[in-house]
Number of protein chains: 2
Amino acid sequence: MDWGTELWDQCDIIDKHTQSGLDLVDKYVKFVKERTEIEQNYAKQLRNLTKKYSPKRGSKEEQECRFSNHQAFLDILNEMNDYAGQRELIAENMMINICIELTKYLQELKQERKTHLLEAKKAQQSLEGTFKQLDNSKKRFEREWREAEKAAQHAEKTDQDLNATKADVEKAKQQAHMRTHIAEECKNDYALQLQKYNKEQNQFYFTEMPLIFNRLQDMDERRIKMLAQGYILFADTERHVMPIIGKCLEGISRAGTNVNERNDSLVLIEQHKSGFERPGDVEFEDYSQGINRASSDS
Amino acid sequence: MDWGTELWDQCDIIDKHTQSGLDLVDKYVKFVKERTEIEQNYAKQLRNLTKKYSPKRGSKEEQECRFSNHQAFLDILNEMNDYAGQRELIAENMMINICIELTKYLQELKQERKTHLLEAKKAQQSLEGTFKQLDNSKKRFEREWREAEKAAQHAEKTDQDLNATKADVEKAKQQAHMRTHIAEECKNDYALQLQKYNKEQNQFYFTEMPLIFNRLQDMDERRIKMLAQGYILFADTERHVMPIIGKCLEGISRAGTNVNERNDSLVLIEQHKSGFERPGDVEFEDYSQGINRASSDS
């Protein structure tokens, strides 16, 4: 079951179908391209987000990283930045492995399809040309036989005409003979043309067109195979970075579990304890003693 | 090692530190909220993309789904739509489980911190009030003893004054005696106030403030624990949908492997073969026979 045999009379259908196939590839490439733009945009927004929340060098926030709960937030920002990098990688790989590859292949297929359809057209035109020759040859044969018939009737009439001279009869017979000879030649030519046409028509329907249609079928099947690979790559490109994205998520979880609230309390103590003792009792200042002493001194 | 004991003289530090802790929670909530907005936007763009490329009902594209390579593209669009749904789920769950939860908790902690700091301020003010009382009492004692001293000196001077009457001497001695008595009373009051102040000061440094500081430490450690959980949830929310996203990617791969180029060629045949035989040889039309027959008939 192939197009050459089964669809021998459906050239238009094959033309449209292969065009629609190429259109699908074109559409898929555009779809993937738009996906990469969304992915790039997403990655950019994630990068901007992490940048916005990352502390400036030497800022208060940076100094607070001695506390595990502040440090963990920075770790998360770093992981998000790596995460964004992976989304960019998805976009880049989709662009290189799907869009660029398929676009290149699509150009080749377009060219190949054009060539096949042109060959089909040429074969059709050639067969039509031969048919026109056959038709001309057939019409000439028909015309010449009518002429020969007329000439024969004229010769017969002359032969039976009592007033006709022998010379007239002879001339009419020669004329009829000549016409018959020409008609025979036309008949032979027609027979030759018919043979030529039938040979070419057979060649056309059983060899040339099936070959072209099968080539188009082969081309379409190659296109489909390539497109199917492009479909699979669409998932594989993302699946490829899934383990690294998983590592980013692990990193975020680890940042969370690394937070140690007891230790953060101790860090504050280490950083700020003065080491002074708490104030003891205020002593009694006995003015009366001083005064008594002063008065007893005097 | 706790704040109450080690940072007894660092109330300002504890004030600032706990504020900075709450600020970090606030910052983290804002960060997650912006992430959910990015995620929602990403999902929306993916949804729009799939919608844009999905065929209209009854369109030519929909009819072409008989071909596996066209059908697979629709399958991919469907999977991308599910994929977008999972990204929306990430955004929603982050919003509910992190932003809303932490914001609620943050309000409680803000209130709790305010209460603790207000108590500390009250205790401080109370101690300052008692100190002022002590100072007043001490100053009165000092002043009264000077008065008593003066009165004693005056009594002595009067006693030695040859011109003084016995009544004068008696009056001065009584005066001195009364002054001494008042001064003794002031001294007792000062001693009492001192005792009261020392008791309160001890209470303040060894019981009240340590308790408040330890409560603030406890509060800060609860905040950190909660924040750390929020950090872990940030990864877990996404990790939770990873298997479903993985299934979407598998679905895309399957769509790709389901493409059957041979079968698509056969579908075209089934759909369009006319069933007609290819044209056989064109037959020879022998006009001469007709003519011969006609001429022989006549």
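Each reported figure results from applying straightforward, stated rules to the coordinates on display, with no laboratory input. Bear in mind that the values here come from a model prediction, so they are computed numbers and not experimental data. Here the Cβ positions follow ideal geometry from the backbone for every residue, glycine too, while neighbour counts run over all protein chains shown.
In peptide B:68-77, what is the residue-averaged number of other protein chain Cβ atoms found within 10 Å of each Cβ?
4
Quick one: putting +1 on the C-beta of Lys and Arg, -1 on the C-beta of Asp and Glu, what dipole do you get for region A:17-273 around its Cα centre, in Debye to the nearest 20?
Using Cβ point charges on Lys, Arg, Asp and Glu, region A:17-273 gives about 420 debye.
If you place +1 on the Cβ of every Lys and Arg and -1 on the Cβ of every Asp and Glu, how big does the dipole about the Cα centre of region B:28-169 come out, in debye to the nearest 20?
In debye, rounded to 20, region B:28-169 gives about 580.
So for each of B:48-56, A:212-220 I average, over its residues, the number of other beta carbons within 10 Å; can you give me the resulting order with the highest mean first?
A:212-220, B:48-56
Using the charge dipole of the protein assembly as shown (Lys, Arg: +1 at Cβ; Asp, Glu: -1 at Cβ; taken about the Cα centre), state which of A:L102, B:F234, B:T158 has its Cα farthest towards the positive end.
The one lying farthest along the dipole's positive direction is B:T158.
Could you tell me which GluC sites (Glu not before Pro) in region A:226-266 are loop residues by DSSP with no more than 12 other beta carbons within 10 angstrom of their beta carbon?
Counting only loop positions with at most 12 other Cβ atoms within 10 Å, none of the GluC sites (Glu not before Pro) in region A:226-266 qualifies.
Given the options A:T50, A:V25, A:L211, identify the residue whose Cα lies farthest towards the positive end of the charge dipole of region A:17-273 (+1 on Cβ of Lys, Arg; -1 on Cβ of Asp, Glu).
A:T50
Between B:V241, B:V29, B:V267, where does the largest GNM mean-square fluctuation fall for chain B, given springs only between Cα atoms within less than 10 Å?
B:V267
Distances in nm, one decimal, shortest first, from A:L162 to the same residue in every other copy, taking the label point 7 angstrom along Cα→Cβ.
22.8
Would region B:11-273 count as rounded, prolate or oblate if I go by the C-alpha gyration tensor, calling it rounded below 1.5 in a/c and otherwise prolate when a/b exceeds b/c, oblate otherwise?
prolate
Given the options A:P243, A:S274, A:S253, identify the residue whose Cα lies farthest towards the positive end of the charge dipole of region A:234-282 (+1 on Cβ of Lys, Arg; -1 on Cβ of Asp, Glu).
Most positive-ward Cα: A:P243.
Measure out, as a whole number of angstrom, how far apart the alpha-carbon centroids of region A:121-183 and region B:1-80 sit.
Centre-to-centre (Cα) distance: 92 Å.
Tell me the label-point distance for the pair A:K52, B:Q271, using the 7 Å Cα-to-Cβ offset, in nm and rounded to one decimal.
4.9 nm
Which residue, B:S253, B:S265, B:S126, tops the fluctuation ranking in a GNM of chain B built on C-alpha contacts under 10 Å?
Taking springs between Cα atoms under 10 Å, the residue moving most is B:S265.
Which residues does a label at A:T207 reach in region A:119-133, if reach means a backbone N under 12 Å from a point 7 Å past the Cα toward the Cβ?
Counting only backbone N, you get no residues.
Which entries of B:K138/B:K196; A:K30/B:K247; A:K16/B:K56; A:K16/A:K104 have Cα-Cα distances beyond 18 Å here?
Where the Cα-Cα span goes over 18 Å, the pairs concerned are A:K30/B:K247; A:K16/B:K56; A:K16/A:K104.
Filter chain A for me: DSSP H helices, axial length by Cα at least 18 angstrom, mean Kyte-Doolittle hydropathy not below -0.5. List them by residue number.
What comes out of the filter, once short or polar helices are dropped, is A:209-258.
If the elastic network links every pair of Cα atoms under 10 Å, which of A:D236, A:D168, A:D12 fluctuates the most in the Gaussian network model of chain A?
A:D168
Please state the charge dipole magnitude for the protein assembly as shown, taken about the Cα centre, from unit charges on C-beta atoms (+1 on K and R, -1 on D and E), reported in debye and rounded to the nearest 20.
1000 debye
Based on the Cβ-Cβ distance from B:E156 to B:N136, what FRET efficiency comes out when R0 is 35 Å, to the nearest 0.05?
Using R0 = 35 Å, I get an efficiency of 0.70.
Using helices alone, I'd like the mean residue ellipticity at 222 nm for chain A: each DSSP H run of four-plus residues gives -39500 (n - 2.57), total over residue count, nearest 500.
After summing the helix terms and dividing by the residues of chain A, the value is -30000 deg cm²/dmol.
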